[in-house]
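The values are calculated or read from the model by the stated rules, or taken from the named source; none is laboratory data. Nothing here was measured: the structure is a model prediction, and the numbers come from that model. Counting neighbours? That spans all protein chains shown, and the Cβs are built from the backbone with ideal geometry, glycine included.
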Amino acid sequence: MVKVTQNQENFLQEIVKGASQADAYRRSYKAKNMSDNAIYREASLLLNPRVNPKIAQRLAEIRQEVVEETKWTVEKLIQEFADVKEKCMQAQPVLDQWGKKTGEYKFDSAGANTALKNIGQLLGFYIVKNQNIGAVPVKIVDDIE
């Protein structure tokens, strides 16, 4: 792991979380009395690999850690959905109104299908379509007299 100062680490963590460079700088350094232009300049210099190669290396490490955590999460989700599918596929005896087995069995096909669909979506086999059709033209008519 590349060593950076605590302020630099905080700055990079904010960047990875999605903060703008300026906001990350404000949250990580004492920038209360700095102008916006000074903050923009300093934040930009921090992320410039020619000026701060260690910071660029540390940012790459943090991003790789995020990728690894995300990969584990996807793998875990797939395993959880697979477990749900297996549970849904287990045959359950059908009981009559008195609670006695009828000799028939059922399983939760909808739950199993949903679990399989969720696995497929995680793996990119199914595309979730956005139903947003865009702007709808509206004509305002003033007919009040």
Would you mention how many residues in the stretch 26-51 are polar (S, T, N, Q) and more than 29 Å from the chain's Cα centre (by Cα)?
3
So Q92 passes all but one of these: (1) under 30 Å from Y126 (Cβ atoms); (2) touching a residue at least 24 places away in the same chain (Cβ under 8 Å); (3) not charged (D, E, K, R). Which condition number does it fail?
(2)
Return a yes/no flag: does the stretch 85-99 have any residue that is at pLDDT below 90 and outside the structural domain of L12 (by TED's automatic domain parsing).
no
